[in-house]
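K.L.:
Starting off with a structure, shown below.
The values are calculated or read from the model by the stated rules, or taken from the named source; none is laboratory data. Here the structure is a predicted model, which means the values were calculated and not measured. Every residue, glycine as well, gets a Cβ built from its backbone with ideal geometry; the counts of neighbours run over all protein chains shown. Keep in mind that these areas ignore ligands, DNA and RNA; they rest on the heavy atoms of the full protein, side chains included. Shrake-Rupley method; radii C 1.70, N 1.55, O 1.52, S 1.80 Å.
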Amino acid sequence: MSNSNHHTDHATLAEKFNRDEARVNWHDETLWFIRQKRDRAAWSLGNEWEPLRETASAIKAHTLSNLSDYLQQFEKAAQQNGITVHWAADGEEHNRIVHGILAKHNATQLVKSKSMLTEECHLNDYLKEKGVEVIDTDLGERIVQLAEEHPSHIVLPCIHWKKEEIGELFHKHLGSPEGVIDPSFLTNTARVHLREKFLTRRVAITGVNFAIAETGEFVVCTNEGNADMGAHLSDVHIACMGIEKLIPKREHLGVFLRLLARSATGQPITTYSSHFKKPREGQEMHLVLVDNGRSTQLGREDFRNSLKCIRCGACFNTCPVYRRSGGHSYHTAIAGPIGSILAPNLDMRQYKDLPFASTLCGSCSNVCPVKINIHEQLYQWRQVLTEEGYQPKSKTVAMKAMAATLSKPSLFSIAGKWGRKVMGLVPGLVSNRLNPWYKQREMPAPPEQSFTEWYKQNRKGGKS
Amino acid sequence: MRVGLFIPCYVNQFYPQVGIATLQLLEKFGCEVDYPLAQTCCGQPMANSGYESLTGNCNELFTKNFSSFDYIVCPSGSCVLHIKEHLHSAKDRTAATAIRRNVYELTEFLTDVLNVDRLQAAFPYKVGLHQSCHGQRGLHLSQMSELVAKPYSKPERLLNMVEGLELIELDRKDECCGFGGTFCVTEEAVSVKMGKDRVRDHEAHGADYITGADMSCLMHLQGILKRQGSKVQVKHIAEILNAQ
Amino acid sequence: MSSRDAILQKVKAAQPSLLPLPSIEKQPREVDAVKQFQAVLESIGGKVVFLNAEESIAEKTVALFPEAKRIVSSITAVQNYFFSDYKSLRHHSLQDVDVAIIEAQFGVAENGAVWVTEEDLKIRVLPFICEHLVAVVDSTTIVATLHEAYERIGASAYGFGAFIAGPSKTADIEQSLVLGAHGPKSMTVFLLH
Ligand code: SF4
């Protein structure tokens, strides 16, 4: 289950995932269960829900349209609060900044709570190379870290792991008794293991869910309390955020916190919604603002709205493709529907397959709490990838042939007739294993005549 | 009322009976229907593959074929959605705009334009309705399970008018079947798995037939049903609403 | 050019023209806030205990946690357990606290959360590091939704503030809910009335 999937595409990886159908069923049902919890939570707000999504979407749209001012407002307020603010143009610079802070404190160990941004920047690998030990403290993240993997879901990092496998992993790494698979027991094993880390590490990294331009504070949401344990026990707290996490005012948290946990897991709110405004007395607090392609995405009109994302994961849970292909098939830190419209912005060549890993069913856009038109952006990315020349030549040739046939009625009717004939006479020609349709599906039986032919025979207008 | 009948390319070639049922239904309700013989396809297969740029000639042809009608009706939500969202014409902008506004999927035409509240149809079977995504989430033929909003369903309303027909409940009433145009071959594994799961849901609830407003989804499900040797069959909603 | 200026410049060039900031619409709710608060908190693994003015917070706590060896309170009025030495206390030394008693400023009916700030806690890590958490809340302070909650918080100054809703939890192992991931294994709200 390694993550060195960078040279292959979604379809291939998804095919691999599908070789164990029982496991696909289990993965699908687990995530569908969360989708259902999300539905119940949304309905619990009744007629408040849809307007709330609308408001959240509009607040984000406004913020993005005034982002440069809000960033400066935020920076100033944060500095006044005693927070040191850093700016990173890309992942590399982000990693260097973090390492610089560690070096200044001679720190070679740290605890980190969940931050998809640090995943995006590959911070762990970077620090490891520099000899820094990073302990991920979110239980799910710790599990994938011990297994030398990456999260397969932004909210549920080890949703692809079974408890038997986790039991084995903990037995190997944390010394839990062999064969023990009880989730309570395993969780407690991790609790004891990580408690020791919290008590001994002097530096803590956290992510950021929301940052408030007006007050210079930032909010971190967890259920486990790991961000708080890390941050409050540390001498140095480093918070890392993408520049799109800003919202204008504190009161806007009312909107976003009502939506976030309900969309993510169906909870009314996460257990902890921690508002960090000033460092604790004697503590150092750093905040790294990261661009890493966001300003480019902001300039792409068709894709700008993807920056509204609050990383709730609802689009993952509802996506029928994600549920049946697993997070790693997306070969990028942020998988799922939203990842498929974010990744090509960073690297079209590497992620050209992702906008096609969808049926464009549109369920993602419907659950999205900030109303990102995800499926429309998937469609739009497909057009951009063609324009920019990232489609295979063979496909372009086939599409051109199709376009020619479909724009000439005479050609079309000949092609159709021919197609039906061939299929009727030699079913094996089309119905073979090289035809992906036929691998697990029968072809439709070709009829005697097309509708056009029938119409010509049976309706007056047809005798033209 | 002059209605232009738009029959998707694959329906024309593989499922002529769906075209016939659509035509007969519309005629039953007194529409003056004409089927432009020079029609081919809406261009969606290319556009969804990223080649919307190649659909220009297709669009011009479509506009030419259908510019003279009050309404354009088609037994496929997916094709209608594509026309509604992407039909443009350099030669005749006004006509293209009018077509985008006047193109209807069959069940929404019966419900919203013809205000059908009674049908002369009988189909004494247990039927599962497959909500095709483009019809449902794109054209809003039915309420979507993701939204906190009052339920309704145009196809269900019509099916309930059919004598003897029993609509079954599903565990997942609007999950995608995995057809997805070229997705069905480029992502064969996931596509088939999605289809198998849809089929299982219908089978578990005792369906004799799976119906829907999009033959492409049904063709995909049919392919799986046949391969599995299932007794469950697929039938386009037009055929059921037209069944005697 | 510094990265800061470069980013700001790029953002400025990329952002669309100004879009309006919507106002937040609050819909009036006709619910018994206290009842809803209790129901929601219990549904997320918390407990609610009603307390009369005469009842002692300390005694009630001991009665609920008879086995607790170390009880610590950040409420001055809970004299027996108040950690008067909090200023010099090493925060890590709270790691063996069995029960922490804190005071929250108000509760939120729609999600069972209570709002606390550093001032209430004295030590930030207290409600996270303890095995069991007791939060004392005046029942007249329960607001309906988070919108009212933020109205109440307003522009108040704090170094750290948090909504806490129930015990620490995780469902990372096959979606099985386990209470007490890193923080408290239980949370009890004493509702004063
Ligand atoms: S795109 Fe929307 S649904 Fe998906 S993670 Fe982001 S906010 Fe959630």
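K.L.:
Pick out, from B:Met161, A:Gly242, A:Asn223, the residue whose Cα sits farthest towards the positive end of the charge dipole of the protein assembly as shown, with +1 on the Cβ of Lys and Arg and -1 on the Cβ of Asp and Glu.
P.N.:
In the protein assembly as shown, that residue is B:Met161.
K.L.:
Multiply the residue gap between A:Glu214 and A:Glu281 by 0.36 nm, knock off their C-alpha separation, and tell me the result in nm, one decimal place. Let's see the in-between values first.
P.N.:
Working: separation 67, 0.36 × 67 = 24.12 nm, distance 2.26 nm.
Once the chain is fully extended between A:Glu214 and A:Glu281, it gains 21.9 nm.
K.L.:
Give, ordered by residue number, each residue of the stretch B:5-27 whose 1.4 Å probe accessible area is reduced by a minimum of 40 Å² on adding the remaining protein chains to the chain alone.
P.N.:
Buried by 40 Å² or more upon assembly, which counts only protein chains, are B:Asn12, B:Gln13, B:Phe14, B:Pro16, B:Ile20, B:Leu23.
K.L.:
Determine the residues within the stretch B:199-226 where the difference in accessible area between the chain on its own and the full set of protein chains amounts to at least 30 Å²; count protein heavy atoms only and use a 1.4 Å probe.
P.N.:
Checking the loss per residue gives B:Arg200, B:Met219, B:Gly223, B:Lys226.
K.L.:
So for the protein assembly as shown: antiparallel DSSP bridges make up what percent, rounded to the nearest 5?
P.N.:
Rounded to the nearest five, the antiparallel share is 25 percent.
K.L.:
Need one number: buried accessible surface between chains C and A, 1.4 Å probe, both sides summed, DNA, RNA and ligands left out, in Å² to 100.
P.N.:
Summing both chains' loss of accessible area gives about 6700 Å².
K.L.:
Among B:Cys42, A:Ile341, A:Ser57, which residue has its Cα furthest toward the positive end of the charge dipole of the protein assembly as shown, with +1 on Lys/Arg Cβ and -1 on Asp/Glu Cβ?
P.N.:
B:Cys42
K.L.:
I would also like to ask the following. To the nearest 10 degrees, how steeply does helix B:215-228 sit against the main Cα axis of chain B, on a 0 to 90 scale?
P.N.:
Computed tilt is about 30 degrees.
K.L.:
Compute the long axis of helix C:33-43 from its Cα atoms, compare it with the longest principal axis of the Cα atoms of chain C, and write down the angle in degrees, 0 to 90, nearest 10.
P.N.:
80 degrees
K.L.:
Could you compute the net charge surrounding A:Leu146? Neighbours are other residues with a C-beta less than 12 Å from the C-beta of A:Leu146; K and R count +1, D and E count -1.
P.N.:
That works out to -4.
K.L.:
Identify, among C:Ala58, C:Leu94, C:Thr117, the residue whose Cα sits farthest towards the positive end of the charge dipole of the stretch C:57-118, taking +1 on the Cβ of Lys and Arg and -1 on the Cβ of Asp and Glu, with the dipole about the Cα centre.
P.N.:
Towards the positive end, the residue furthest out is C:Leu94.
K.L.:
Here's a follow-up. Please give the residues of the stretch A:377-393, grouped as numeric ranges, whose backbone N is less than 19 Å from a label point set 7 Å along the Cα-to-Cβ vector of C:Ala13.
P.N.:
Zone members listed by number: none at all.
K.L.:
Here is a further query. Between A:Asp90 and A:Lys417, how many nm apart are label points set 7 Å from Cα along the C-beta direction?
P.N.:
5.8 nm
K.L.:
Checking an interface number: how much accessible area is buried between A and B, summed over both chains, with a 1.4 Å probe, in Å² rounded to 100?
P.N.:
6500 Å²
K.L.:
Where the only charges are on Cβ atoms (+1 Lys, Arg; -1 Asp, Glu), what is the dipole of the stretch B:126-241 about its Cα centre, to the nearest 20 debye? Show your work: numbers first, answer last.
P.N.:
Working: 15 positive and 16 negative charges, 21 e Å.
Dipole of the stretch B:126-241, to the nearest 20 debye: 100 debye.
K.L.:
How big is the dipole moment of chain A about its Cα centre under a simple scheme where the beta carbon of each Lys and Arg is +1, that of each Asp and Glu is -1, and everything else is neutral? Debye, nearest 20, please.
P.N.:
Computed charge dipole of chain A: roughly 1820 debye.
K.L.:
Within the stretch B:37-74, name every residue whose backbone N is under 17 Å away from a label modeled 7 Å from Cα of B:Lys91 along the Cβ vector.
P.N.:
Zone members listed by number: B:37-43, B:54-69.
K.L.:
Now for a different question. In nm, to one decimal, how far is the modelled label at A:Asp182 from the one at B:Gln228, with both set 7 Å along Cα→Cβ?
P.N.:
If labels sit at A:Asp182 and B:Gln228, their model points lie 3.9 nm apart.
K.L.:
If you don't mind, there's one more thing I want to ask. Local charge sum around A:Leu259 (other residues, Cβ-Cβ under 13 Å, Lys/Arg +1, Asp/Glu -1)?
P.N.:
Values: positive: A:Arg38, A:Arg53, A:Lys60, A:Arg258, A:Arg262, A:Lys308, A:Arg311, A:Lys371; negative: A:Glu48, A:Glu50, A:Glu54, C:Glu110.
Local net charge: +4.
K.L.:
Okay, moving on. Mind giving me the FRET efficiency for C:Ala77 and C:Ala39? R0 is 30 Å, r the Cβ-Cβ distance, nearest 0.05 is fine.
P.N.:
0.55
K.L.:
Cysteines of chain A lacking any other cysteine beta carbon under 4.7 Å?
P.N.:
Cysteines lacking a close Cβ partner in chain A: A:Cys121, A:Cys158, A:Cys221, A:Cys240, A:Cys309, A:Cys312, A:Cys319, A:Cys368.
K.L.:
For B:Ala204 paired with C:Val31, estimate the spin-label separation in nm (one decimal), with each label point 7 Å from Cα along the Cα-to-Cβ line.
P.N.:
3.2 nm
K.L.:
Also, I was wondering about something else. On a 0 to 90 degree scale, rounded to 10, what angle separates helix B:16-28 from the longest Cα axis of chain B?
P.N.:
80 degrees
K.L.:
Oh, and also: How would B:Leu167, B:Leu159, C:Leu179 rank on accessible area, largest to smallest, probe 1.4 Å?
P.N.:
Working: B:Leu167 45, B:Leu159 0, C:Leu179 70 Å².
If we order B:Leu167, B:Leu159, C:Leu179 from most to least accessible, we get C:Leu179, B:Leu167, B:Leu159.
K.L.:
Roughly what % of Cα-Cα distances in the protein assembly as shown sit above 35 Å, to the whole percent?
P.N.:
The calculated P(r) of the protein assembly as shown puts 54 percent of pairs beyond 35 Å.
K.L.:
Next question. Give me the percent of the accessible area of chain A that comes from carbon and sulfur atoms, probe 1.4 Å, all protein chains in place.
P.N.:
Within chain A, the accessible surface is 51 percent carbon and sulfur.
K.L.:
Okay, moving on. Quote to one decimal, in nm, the extra length available between C:Val62 and C:Glu119 on full extension: 0.36 nm per residue of separation minus the C-alpha distance between them.
P.N.:
Going from the current span to full extension adds 18.1 nm.
K.L.:
Of all the accessible heavy-atom surface of the stretch B:126-241, with the other protein chains kept in place and a 1.4 Å probe, what percent is carbon and sulfur?
P.N.:
Exposed carbon and sulfur together represent 48 percent of the surface.
K.L.:
About its Cα centre, how strong a charge dipole does the stretch A:195-257 have in debye, to the nearest 20, once Lys and Arg get +1 and Asp and Glu get -1 at the Cβ?
P.N.:
Here the stretch A:195-257 has a charge dipole of around 160 debye.
K.L.:
With equal scatterers on the alpha carbons only and no solvent term, can you work out the Debye log10 of I(q)/I(0) for chain B at 0.15, 0.16, 0.17 1/Å?
P.N.:
After summing over all Cα pairs, the log10 values are -1.04, -1.19, -1.33.
K.L.:
Can you say what percent of the DSSP beta bridges in chain B, counting only those with both residues inside, are antiparallel? Round to 5. Working shown, then result.
P.N.:
Working: 1 of 21 bridges.
Roughly 5 percent of the beta bridges in chain B run antiparallel, per DSSP.
K.L.:
When Lys and Arg each count +1 and Asp and Glu each count -1, what net charge do the other residues less than 10 Å away from C:Tyr150, Cβ to Cβ, add up to?
P.N.:
0
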